[in-house]
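What follows is calculated from the coordinates using simple rules that are stated; it is not laboratory data. What you see is a predicted model, and the numbers here were worked out from it, not measured in a lab. Neighbour counts are summed over all protein chains in view; Cβ atoms, including those assigned to glycine, are modelled from backbone coordinates with ideal geometry.
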Amino acid sequence: MITKLVWENIRFRPVRTLLSVLLIAVPVTLILTLVGLSEGFLSDSARRARGVGADIVFRAKGSSLLSFSGASLQSEFVDLLAKQPHIKQATGVVIYPIGGFDSVSGIDVPAFEKMSGGFVYLQGHGFQKPDDIVIDEYYAEQRKVRAGEKLKVMNIDWTVAGVVEPGKLSHVFLPIQILAEKTASEGMVSQIYLKADSEENVDTAVAALKKKFEEYPIYTMREAISLTSVSNIPLLKNFINVVLGIGVVIGFSVVSLSMYMAVLQRTREIGILKSLGATKAFIMNMILTEALIMGLGGTVFGIILSYITKFTLQKLVPASLPPAIVMSWWPIAGGIAVGAALLGALYPGMLAVRQDPIEALAYE
Amino acid sequence: MNSPIIEVKKLRKVYLQGKVEVEALRGVDLSVPAGEFLSIVGPSGSGKSTLFHIVGGLTPATSGEITVGGSNVSTVGDAGRTELRRKCVSFVFQKFNLLPNLSAGDNIRVAMHISGMKLEFDKRLQELLGLLGIAGRLEHRPSELSGGEQQRVAIARALATNPAILLADEPTGNLDSKNSDAVLKILRDLNEKLGQTILMITHNPDAAAYGHRTVHMSDGQIVDTSFRPE
């Protein structure tokens, strides 16, 4: 009977119910979108790292694998590393951040194409002129450009020579010499990718490199990709926790306000129930059941909204913020929404329970 | 004469209005035998509603003794008064006080659920619904019913739980004369046919005349008692 009573209450005031559900959905969407963006961004990074075709990555002293960095490794290292045991090929890249999460990669075109298997051109062709730039399909979609059109990157007008299939190192490419020249980093690279002579020899090669270049971060690509996860990036983890906290506070406040309004609106009805002999537990059960239903409704609506957000981001910024749907977070976001809803309903519930039945019955 | 189902002795109730104490009841003594139809009349502020609320367990007394259905309710707390409302007394209000979001039938079922009863309408309840003339209106929400029908649903809800005492607070106050007569006749029939104990507050002397006895209240005291001529 309580469920029916609650259900009829919810149906009887559809606008208030919808508004409450929408407001509870906001933190759910916020959490799911943020987690989706983090996961999407990192899985996109991992996919692009795999696309390089390397077995080992070699970085400058004191640099972090998961951060953008300038070119701080002398390019002589490329030839030096190529001569190390079990190393078949080496290619250096310059990574230059261009704002937000985007960066341009300067590549040694023949070496990079050899290692990665080469670009698949969807439009246009490879580098031919000094002002040519190659971008992937996502970036072309984001910047709304096609091969042959002009594109401003790093405050310089380039011509889009080709649009390639995504999934190889970066979204934006320049020949390494040109990028180095434009960024005053001639003779330097950001990191060096190495290809082993066979897969079985990767670990042996890494061990030998680590022995010889003790102070340099050296990873197998398997390690590098496995490190590309939310839990391995403390700042991102903290950021997600902050947003979770905000989600809880918003959910809590919204439901509390909504249930407070519901209790106020229903003062007389609560008085009627009390006059019929309803116990405190009955009234509290009714309020909490309503909060639970709204919390669950908000979760479902929040999940639907996260799909809409994903679709929108995919249309607007597919390269910079590649979104993902992370289903494993649905129960967490739902738990937060429902928990906040129940917590938020406690105070109004206590008000309802304590309401004087005579005053409640006199309420207009 | 049946044994008393309500016994009130030296009942006092003092309210705080801001910082001012207001004495709503000043030592009321009243005994109501089971099966009586008692009318309580008096001007506004005479204390009749307060007496009603204390007998019905909606508010505690300041002092005095009240026994309802054999239980001393002057000493019980909030939970005890809730139990009294759940098991022993039922209310019919001037403003009907039906839950607007539920159908008439569900309004009755809520009361039964709260009382811990099964939700099926048994033979007794179906006869009552027939007597009240609302058997065909149970699927309708209060807003779809006339005032008279709403009050009859409220009476059905009050009696569905088989209470020992029915407390009716100005039950005809919001009704036209035709519906008022119908409701009063129903209350009298319930009293005569089912032996239902009824206490009814009213301003209307004609309505009060439906009771076996009428007590007159003024300034928080019972000042007069009159009986219906046989």
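In a DSSP loop and with at most 16 other Cβ atoms within 10 Å, the trypsin sites (Lys or Arg not before Pro) in segment A:20-112 are A:K61, A:K83. Its convex hull of Cα atoms gives segment A:51-227 a direction-averaged projected area, equal to a quarter of the hull surface, of 9.6 nm².
Beta bridges per DSSP, both residues in the protein assembly as shown: antiparallel share near 65 percent.
Would you mind finding the longest exposed-site-free stretch of chain B, with exposed trypsin sites (Lys or Arg not before Pro) meaning DSSP loop and at most 11 other Cβ atoms within 10 Å? The longest uninterrupted stretch comes out as B:119-230.
How much length, in nm to one decimal, is gained on full extension between A:K152 and A:K83, taken as 0.36 nm per residue of separation minus their Cα-Cα distance?
Roughly 21.0 nm would be gained on extension.
Taking B:G35, B:G130, B:G18 as the candidate residues, the one with maximal mean-square fluctuation in a Gaussian network model of chain B, Cα springs under 10 Å, is B:G18.
Test of understanding: extend the Cα→C-beta vector of B:S143 to 7 Å, then name every residue of segment A:251-286 with backbone N under 20 Å from that spot. Under cut-off, by backbone N: A:261-273. Averaged over peptide A:9-21, the number of partner chain Cβ atoms lying within 10 Å of each residue's Cβ comes to 1. What is the list of residues in segment A:336-355 whose amide nitrogen lies under 20 Å from a point 7 angstrom out from the Cα of A:K280, following Cα to Cβ? Counting only backbone N, you get A:342-355.
Filter the GluC sites (Glu not before Pro) in segment B:67-150 down to the DSSP loop ones having no more than 13 other Cβ atoms within 10 Å, then list what survives.
Taking segment B:67-150 and a limit of 13 other Cβ atoms within 10 Å, the loop GluC sites (Glu not before Pro) found are B:E120, B:E139.
So which residue, out of B:D219, B:D29, B:D78, gets the largest mean-square fluctuation from a GNM of chain B using Cα contacts under 10 Å as springs? It is B:D78.
Put a plus charge on the Cβ of each Lys and Arg, a minus charge on the Cβ of each Asp and Glu, and nothing anywhere else: the dipole of chain A about its Cα centre is then about 960 debye. Would you look at the GNM of chain A, springs on alpha carbons closer than 10 Å, and say which of A:D157, A:D44, A:D108 moves the most? Taking springs between Cα atoms under 10 Å, the residue moving most is A:D157.
Inter-chain neighbour count for B:189-196: the average number of beta-carbon atoms from partner chains within 10 Å of each residue's beta-carbon is 0. Taking the Cβ of A:G162 as the center, what net charge do the other residues with Cβ under 13 Å away carry, scoring Lys and Arg +1 and Asp and Glu -1? Once positives and negatives cancel, what remains is -3. Estimated from the Cβ-Cβ distance and a Förster radius of 22 angstrom, the FRET efficiency linking A:L351 and A:L18 is about 0.40.
Rounded, prolate or oblate, given the Cα gyration tensor of segment B:1-82, with a/c below 1.5 counting as rounded? Mind showing how you got there, number by number?
On the way: a/c = 2.15, a/b = 1.37, b/c = 1.57.
Oblate, because a/c is 1.5 or more while a/b does not exceed b/c.
Over all other residues within a Cβ to Cβ distance under 14 Å of A:L227, the charged ones net out to +3, with Lys and Arg as +1 and Asp and Glu as -1.
Taking label points 7 Å from Cα along the Cα-to-Cβ direction, A:N238 and A:E359 give a separation of 4.7 nm.
Only sites in a loop by DSSP and with at most 15 other Cβ atoms within 10 Å count here; which GluC sites (Glu not before Pro) in segment A:171-260 make the cut? Mind showing how you got there, number by number?
On the way: sites: A:E181, A:E186, A:E199, A:E200, A:E214, A:E215, A:E223; in loops: A:E186, A:E214, A:E215.
Loop-located and lightly packed - A:E186, A:E214, A:E215.
Of the residues A:L122, A:A340, A:V52, the one whose Cα sits farthest towards the positive end of the charge dipole of chain A is A:A340 (charges of +1 on Lys and Arg Cβ, -1 on Asp and Glu Cβ, taken about the Cα centre).
Let me know the charge dipole size of segment B:4-227 about its Cα centre in debye, to the nearest 20, where only the beta-carbon of Lys, Arg (+1) and Asp, Glu (-1) is charged. Can you show the working numbers first?
Values: 25 positive and 24 negative charges, 74 e Å.
Dipole size: approximately 360 debye.
Using C-alpha pairs under 8 Å with a sequence gap of at least 6, the mean separation divided by the residue count of segment B:4-227 gives a relative contact order of 30 percent. Across the protein assembly as shown, Cα-Cα pairs more than 46 Å apart make up 46 percent of the total.
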